[in-house]
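These notes concern the structure reproduced below.
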Amino acid sequence: MKRVVITGVGAVSPLGNDVPSLIEGIEQGKSAVQYMEGWEQYTGLRSLVGAPAELKDEKSIPRKSRRSMGRMSFFAVQATQQAIADAGLEQKELSSGRVGCVIGSTMGGAESLNDAFETMLPEKDLSQLTSMRFFQCVSHTAAMNVSQYLGLTGYVMATSAACASASQALGAGYDIIRLGKQDVVLCGGAEELHPTVTGSFDVLFATSVNYNDIPHRTPRPFDRERDGLVCGEGSGILVLEEYEHALMRKAKIYAEIVGYHTCGSGAHVSQSNKDAMVFCLREALASAHISPGEVDYINAHATATMQGDKEEAEAIRDIFGDEVPVSGLKGYIGHTLGASGSLELIVSLAMMEKGLVYPTLNLKTVSPDCEGIHHVMHPLAWDIRVMVKNCFAFGGINAALVCKKVNHQ
Amino acid sequence: MTTEQEVITLTNQVFEESFEIEKEKLQPQMNIFEDLGLDSLDVVDLVVALQKKFGVKIRDDERVRSIRTLGDIYQFILSLKTEWKS
C-alpha cells in the first residue's frame, strides 16, 4: 500500500474565506453564529440561528463555468483553488488523469433545490425551469463543478453521508491513493446554510432553540446547558497526495493519514450509538497500528445535541479514559454538516503545527453525562504527534481518521 | 401592443441579464452561437427567459430550432405577436 500525506489546505468558512482567517477567528475565540434574519417567517422553525459564510468574488469565475454552480459549489471551488495553490500543484498535473477529487455534501445545493421546487410546484409547470437547476442542486454538484472548472481528469466522486460526508471523502481519497489509482486527490466537503436544512434537524428536536437572542452562546458542545446543533456552511478541501510524489515535489507535508474507518450503527437512523462509535474508533486505530495511548488529541464531532455528545463522550472515555485532550469546534463555526469533517480537520492540522489545542467554545460547565474525558476548556500548549478526527452522522454513519505528524519534516 | 423597438429592447435585455453580453455586441446580424457564445444549454435558458419576458409559450415551437441570429429572434417574437393579433 502507498502512503498518503496532506500537502495543501483551503477553506471558506463562517469565520472567513481562507484558512488564516478561520484559524485567526478561532484563536481569538470568535463565534460566527448569528440570528438569521427572515427565518422567523417559517412557521414551526424554532431555531433561528446559523453560522453563514460570505459568498464573494464568484463573478471572477467565467459565466459558462459559473452558471452550473450554486452557493456550495462556489465555496468548494474557492476552497479547492486555495488548496491547490497551497500545495503548489500545476495545471498540467491537474489534467494528467492522475489527479482527482472526492467532495461530499449532505444533500447537494439546498438553495437551488428549493428554487426549483418553488418554480415548478405552484402551477405544476416545468416550462420555467432553467437548464442549470439540475447541475446546481444535485448531490455531486460540488465535485462536478470543481472538476469541470479546474480541468481535473482523474477520479470524480461525491460522498453523501450527512455530517460524515467530508470524512468519507477524505477516507475514499486515502484509499484511492493507497491503492495507487491516483497520485493526488482533492478531498473534503461543502455545505450551504438554508432554512430547509436547519428545519430538517429542527423537526427532530436536534437544533438549538434557546439562544435565538444570544446566538454566540450556542452551540455548547458537552456543556450542561447545551440544547442542540446550529447549522453552518462553507467548504474545506485538503490535498491528499502519495508520499513519494509529495517528496519528489518537495511539497510541504502537514501530516500523514495513517488510519481510517467508516461504519454503520445498524441500530437507529438518528440516535447516536456509543458502541458503533467505539467500534469505528477502534478499527481506525487498528488500521493505523496505533494504540489509544499513542493518541495526543481528539477532535470531537461534538454537535451539542443532547444524545450525540453523551454517546461520543462515553465512546471516548471507553477507549481513551481521561488522558487524551478532547475539543470540538462547532461553538466557533456551527455545524457545517457535510463540510465539517474537512474544515475541522484543517483546523486540527493547524493545532498540530502550532502545538496548541483550541478549546471547546461555549463549554463552561461539563455536563454530568459528558464527564470522564479530558475536556479542553482553555487554550492548551500540547505536542500533537497523533490525532483522531471524529464524525458521527445521521443515518448511524460513523467515520474516524487518524493523522500523524511526519517526523523528518 | 409590443412594437418592433420594444421587442428588440426586451430581447437585448435578456442577453444582457441572462448571458452577460455587452450591449455593443447586440446587433441583429450577430450569430448567437458563434458571435455571442451561447451553447445548447444556454438555448434552454434563452427560451425560459423569453417566455418570461414576453409572456409567451415557445418551448415546443419548432421554429426555435432554426434561430441563428439575434435578428432571427426579433422576427420570431414579432411573428408570434402578429399571429396572436390575427
Go through the range B:55-86 and report how many residues are closer than 30 Å to A:Pro62 by Cβ, open to solvent by 20 Å² or more (accessible area, probe 1.4 Å) and assigned to a helix (DSSP H, G or I).
4
Counting only residues that are within 14 Å of another protein chain (Cβ to nearest Cβ), give me the helices (runs of 4 or more DSSP H) lying completely in the range A:73-149 with at least 3 of them.
A:110-120, A:133-137
Do you know which residues across the range B:18-30 are touching a strand residue (DSSP E or B) at 6+ places or on another chain (Cβ under 9 Å) and either within 14 Å of another protein chain (Cβ to nearest Cβ) or open to solvent by 80 Å² or more (accessible area, probe 1.4 Å) (or both)?
B:Gln29
When you scan the range A:359-372, do you find a residue that is hydrophobic (A, V, I, L, M, F, W, C), part of a loop (DSSP other than H, G, I, E, B) and surrounded by 18 or more Cβ atoms within 10 Å (Cβ to Cβ), even just one?
yes
Of the conditions (1) touching a residue at least 60 places away in the same chain (Cβ under 8 Å); (2) β-branched (Val, Ile, Thr); (3) under 23 Å from A:Ala288 (Cβ atoms); (4) open to solvent by less than 10 Å² (accessible area, probe 1.4 Å), the single one that A:Ile333 does not satisfy is (3)
Looking at the range A:293-306, which of its residues are touching a Gly at 6+ places or on another chain (Cβ under 8 Å) and surrounded by fewer than 23 Cβ atoms within 10 Å (Cβ to Cβ)?
A:Met306
Which one of the conditions (1) at pLDDT 95 or above; (2) surrounded by 21 or more Cβ atoms within 10 Å (Cβ to Cβ); (3) touching a strand residue (DSSP E or B) at 6+ places or on another chain (Cβ under 9 Å) does A:Met69 fail to meet, given that it meets all the rest?
(3)
Have a look at B:Phe54, B:Phe33, B:Phe15 and point out the one that is under 13 Å from the mean Cα position of the chain (by Cα), over 21 Å from A:Met132 (Cα atoms) and within 14 Å of chain A (Cβ to nearest Cβ).
B:Phe54
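The values are calculated or read from the model by the stated rules, or taken from the named source; none is laboratory data. As the structure is a prediction and not an experimental result, all values here were calculated from the model. Neighbour counts run over all protein chains shown; Cβ positions are idealised from the backbone, glycine included. SASA here: full protein model, heavy atoms, side chains in, ligands and nucleic acids out. Shrake-Rupley method; radii C 1.70, N 1.55, O 1.52, S 1.80 Å.
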